[in-house]
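Everything on this sheet refers to the single structure shown next.
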Amino acid sequence: RVGNLPYGFQVAPDGVHLEENEAEQETVRAIHALRESGLTLRGIQESLKLRGTVNRNGNTHWRLNTLGAIVKRLAV
C-alpha cells in the first residue's frame, strides 16, 4: 500500500481491498451532519473536540486537512 487509508475505511481481511470501519463511519456521518448545518471546518473541529470524538490517533485534536478531505469526499 502507498499512502494513507481514507478515514472511515480499513484494510479488509484479504489484505487488498478496503472495507468500512463502522466506528469511523459514525464519525464521518457526524462530520457530514455538522457541515450540512453550516459549520466551517474550524467549527466542526471545535464541535468534535467538545464531544470528545477521537481521531485515529486516539486524541481529540482533528487536523483541518483531515476534516477537509472527509468533507470533500462526501461531496463527490
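Since every read-out is calculated from the coordinates, none of them should be taken as a lab result. Just so we're clear, the structure is a prediction, and the values are computed from it rather than from any experiment. No Cβ is skipped: glycine too gets one built from the backbone with ideal geometry, and neighbour counts run over all protein chains shown.
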Taking placed amide H atoms and a strict 5 Å upper bound, the residues 5 or more places from residue 9 or on another chain that come that close are 21
On Cα atoms only, tilt of 22-36 relative to the major axis of the chain in degrees:
40 degrees
Sorted by chain and number, the residues with a modelled amide H under 5 Å from that of residue 18, at a separation of 5 or more or across chains, are 12
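Tell me, what is the Rg over Rh of region 1-67, with Rh the Kirkwood radius over Cα pairs?
Reported Rg/Rh, Kirkwood definition of Rh: 1.01.
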Run the numbers for residue 14 and residue 39: contour at 0.36 nm per residue of separation, minus the present Cα-Cα distance, in nm.
5.2 nm
Suppose every Lys and Arg Cβ carries +1 and every Asp and Glu Cβ carries -1, with no other charges. What dipole size does the chain come out with about its Cα centre, to the nearest 20 debye?
420 debye
Could you check the simple spin-label distance between residue 29 and residue 65, using points 7 Å along Cα→Cβ, in nm with one decimal?
3.0 nm
Helix 64-75: angle to the longest alpha-carbon principal axis of the chain, degrees 0 to 90, nearest 10?
80 degrees
